[in-house]
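Data first, discussion second: the structure below is written as structure tokens.
Nothing in this text is a laboratory measurement; each read-out follows from the coordinates by a stated rule. Please read all numbers here as calculations on a predicted model, not as lab measurements. All Cβ positions, glycine included, derive from the backbone under ideal geometry; neighbour counts span all protein chains shown.
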Amino acid sequence: MSATQIAPAEVTLTQAVRARRVVTGRYIAGGDDDVRVFYPHVLYRSAAGELLVDVFQVDGPTQGGQLPGWRVLKVAGLRELRVLDAVFLPRPWLDLVSPEFRREVLAHCVELAATPD
């Protein structure tokens with residue numbers, strides 16, 4: 001996927017994450033062409049600069065175990081993204097202070113607790 005293709009996907013996923021909207025799309029990096037249904041929770045750049053999205057996948061093909069379950073998807077491998085009207089509740093075990101996210105978090109769907117002054 002070229003930079004011009006990533007930009008619209010990044011915008012689409014940013015909006016979906018922040019609005020907690022269900023997304024469908026094809027994930028060619030997974031070696032299949034079937035539609036996946038997922039709840040995008042965190043959009044971020046890896047330490048290597050790769051754009052990734054952590055999702056809770058609820059339907060479609062998977063090579064990573066049973067569904068529903070957590071998946072890390074490369075945004076460059078996503079095609080035909082569609083944001084649905086349906087909304088999701090963030091999974092309670094999402095840990096934004098995890099070392100995994102100590103990079104550049106671009107969007108997340110979790111309401112962070114206010115810190116006392």
Check: So, in nm, how far is label Gln66 from label Ile28 when the simple model puts each one 7 Å beyond its Cα toward the Cβ?
Finding: 3.3
Notebook entry, point to check: For region 3-108, what's the relative contact order in percent, using C-alpha pairs closer than 8 Å and at least 6 residues apart?
Noted result: 33
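Explain nothing, just the number: dipole magnitude of region 27-88 about its Cα centre with +1 on each Lys and Arg Cβ and -1 on each Asp and Glu Cβ, in debye rounded to the nearest 20. Could the numbers behind the result be given before it?
On the way: 6 positive and 8 negative charges, 41 e Å.
My answer is approximately 200 debye.
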Note to self: Within 9 Å, Cβ to Cβ, of Gly25, how many net charges do the neighbouring residues add up to if Lys/Arg are +1 and Asp/Glu are -1?
What the structure shows: +3
Checklist line | Residue (of Gly77, Phe88, Gln57) at the positive-pole extreme of region 3-108, dipole from beta-carbon charges | finding: Phe88
Check: If you place +1 on the Cβ of every Lys and Arg and -1 on the Cβ of every Asp and Glu, how big does the dipole about the Cα centre of region 3-108 come out, in debye to the nearest 20?
Finding: 220
Next item on the list: Give the share of C-alpha pairs in each 5 angstrom bin for region 3-108, from 0 to the last occupied bin, in whole percents, shortest bins first.
Entry: 2, 13, 26, 27, 21, 10, 1
